[in-house]
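Here is the structure we will look at.
The values are calculated or read from the model by the stated rules, or taken from the named source; none is laboratory data. Values in this document were obtained by computation on a predicted structure and should not be read as measured data. Note: ideal-geometry Cβ built from the backbone for every residue, glycine included; neighbour counts use all protein chains shown. The protein model used for the area step is the full one, side chains on, heavy atoms only, and it has no ligands, DNA or RNA in it. Shrake-Rupley method; radii C 1.70, N 1.55, O 1.52, S 1.80 Å.
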Amino acid sequence: FAFPPGSKDAALEAILSGAHTLHTTSTTSGLVVVEGYDSGINASARLTNISARSQVGTGENILIAGFNLAGSGTLRLLVRAVGPTLSTFGVVAPLADPRLEIFSSTGAKVAEADNWDASLATTFSTIGAFALPAGSKDAATVITLNAGTGYTVQVSGVNGGTGEALVEVYALR
């Protein structure tokens with residue numbers, strides 16, 4: 001979508017290789033939408049994961065990440081909502097017990113997860129995701145989704161909990 005004339009929105013186009021992090025800052029408070037696109041210029045390179053860390057509140061103040069799967073067919077994904085494990089990275093007030101829900105662009109819930117299963121540990125290490133401690137209350141799931149549509153991952157706190165969380169979406173080969 002186009003930015004209105006005179007807006008203070010920001011955009012950047014860059015050819016990147018390897019891992020990168022984007023930080024957004026502002027002199028005021030409010031919500032921000034950060035979008036990342038794989039333009040497909042280099043067919044041998046592809047976007048393999050995207051993540052966002054933010055404060056998780058309640059109601060309309062939960063963490064929501066959207067993504068589109070281009071093309072046709074299906075794609076298998078690992079989706080994680082990391083809360084308590086963030087404390088090992090110095091996050092002072094992590095979300096103690098995150099819950100994730102995945103919705104299609106039609107609004108239909110296609111998956112949900114509260115906590116994670118130890119059988120996913122191998123998947124984490126295979127794709128380069130950091131390990132989660134056994135028995136942690138972080139949430140994760142593997143799901144196969146249809147390409148050609150958009151999805152959102154909604155991260156909330158179990159029993160109305162609040163705190164910092166990281167939402168991650170990894171493409172699995």
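Would you call VAL79 assigned to a strand (DSSP E or B), more than 25 Å from THR25 (Cα to Cα) and open to solvent by 40 Å² or more (accessible area, probe 1.4 Å)? No; evaluated as a whole, the condition is false for this residue. Screening THR141 with (1) of a type in the set (Ser, Thr, Tyr); (2) touching a residue at least 24 places away in the same chain (Cβ under 8 Å); (3) assigned to a helix (DSSP H, G or I) gives one miss only, at (3).
For ALA134, the conditions (1) without any contact (Cβ under 8 Å) to a residue 12 or more places away in the chain; (2) assigned to a loop (DSSP other than H, G, I, E, B) are fulfilled apart from (1).
Filter segment 49-66 for residues that are surrounded by fewer than 17 Cβ atoms within 10 Å (Cβ to Cβ) and hydroxyl-bearing (Ser, Thr, Tyr); which is nearest to PHE130 (Cα to Cα)? This residue is SER51. Residues that are in a loop (DSSP other than H, G, I, E, B), in contact (Cβ under 8 Å) with a residue 60 or more places away in the chain and surrounded by fewer than 21 Cβ atoms within 10 Å (Cβ to Cβ) do not occur anywhere in segment 109-125. Restricting attention to segment 67-76 and to residues that are in a strand (DSSP E or B) and at pLDDT 90 or above, the residue that is most open to solvent (accessible area, probe 1.4 Å) turns out to be ARG76.
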